[in-house]
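**Student:** The following block contains the structure, expressed as structure tokens.
The values are calculated or read from the model by the stated rules, or taken from the named source; none is laboratory data. Quick caveat: nothing in here was measured; it's all calculated off a predicted structure. Reconstructed Cβ throughout: ideal geometry from the backbone, glycine too, with neighbour counts over all protein chains shown. With ligands, DNA and RNA removed, areas are computed over all heavy atoms of the protein, side chains included. Shrake-Rupley method; radii C 1.70, N 1.55, O 1.52, S 1.80 Å.
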Amino acid sequence: MLKARSAYNFEVTSNGRKKVFSNCSTIVLGKIPYLGYGLRSLVGIIRPDDQKVYGLAVINRHASWLNKPLRAWALLVGIFNANIPPLLSFNAKEITIHSSVAFPIQAGGEYLGESTWVKLRVVRKQKVLVV
């Protein structure tokens with residue numbers, strides 16, 4: 001925990017607009033708002049059928065040594081579905097994240113490895129069949 005990197009400078013492209021997230025410790029992308037056990041991973045109202053990817057970034061506007069405690073604070077703020085700093089929410093049809101430094105990637109809680117970029121988009125719309 002002490003050796004893990006927790007400050008990244010991400011360049012996020014969403015809907016053709018580029019944004020730079022400096023001193024960002026975490027970005028969560030997805031369609032399901034909960035991590036489990038009542039912990040929210042995304043804030044706001046998440047519509048499963050709008051073909052958008054939702055994102056939430058934890059951005060520290062202070063010293064980078066506060067990033068690890070800030071992650072815990074962000075979990076508490078997320079439980080109450082509050083879109084307040086340090087959380088920054090966004091959504092788009094397609095989201096691309098680039099970084100000059102490789103960052104870890106997880107999917108469903110499983111570690112997939114590290115990369116300097118990731119692209120996420122919704123490719124199909126699920127129809128529910130009730131018999």
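**Student:** Would you check which residues across region 32-72 are among the aliphatic types (A, V, I, L, M), farther than 19 Å from residue 15 by Cβ and open to solvent by 80 Å² or more (accessible area, probe 1.4 Å) and list them?
**Tutor:** Once the filter is applied, which keeps residues that are among the aliphatic types (A, V, I, L, M), farther than 19 Å from residue 15 by Cβ and open to solvent by 80 Å² or more (accessible area, probe 1.4 Å), region 32-72 yields 32, 35.
**Student:** Scan region 79-104 and report the pairs whose first residue is free of Cβ contacts under 8 Å to residues at least 60 places away in the same chain and whose second residue is open to solvent by less than 50 Å² (accessible area, probe 1.4 Å) and charged (D, E, K, R), with Cβ atoms within less than 7 Å and a gap of 6+ or a chain change.
**Tutor:** Sorted first by the residue in region 79-104, then by its partner, the pairs are 79/40; 81/40.
Residue by residue, here is whether (1) closer than 30 Å to residue 124 by Cα; (2) among the aliphatic types (A, V, I, L, M) holds:
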position: 7; (1), (2): no, yes
position: 11; (1), (2): yes, no
position: 33; (1), (2): yes, no
position: 50; (1), (2): yes, no
position: 70; (1), (2): no, yes
position: 88; (1), (2): yes, yes
position: 105; (1), (2): yes, yes
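**Student:** Would you list the strands (runs of 3 or more DSSP E) that sit entirely within region 1-106 and hold 2 or more residues that are under 22 Å from residue 117 (Cβ atoms)?
**Tutor:** 8-14, 17-30, 53-59, 87-92
**Student:** Just one of the numbered conditions (1) β-branched (Val, Ile, Thr); (2) at pLDDT 90 or above; (3) within 21 Å of residue 32 (Cα to Cα) is not true of residue 79; which one?
**Tutor:** (2)
**Student:** Sticking with this structure for a sec: Can you find, within region 89-131, the residue that is modelled with the lowest pLDDT among those that are of a type in the set (Ser, Thr, Tyr) and open to solvent by less than 50 Å² (accessible area, probe 1.4 Å)?
**Tutor:** Only one residue fits best here, namely 89.
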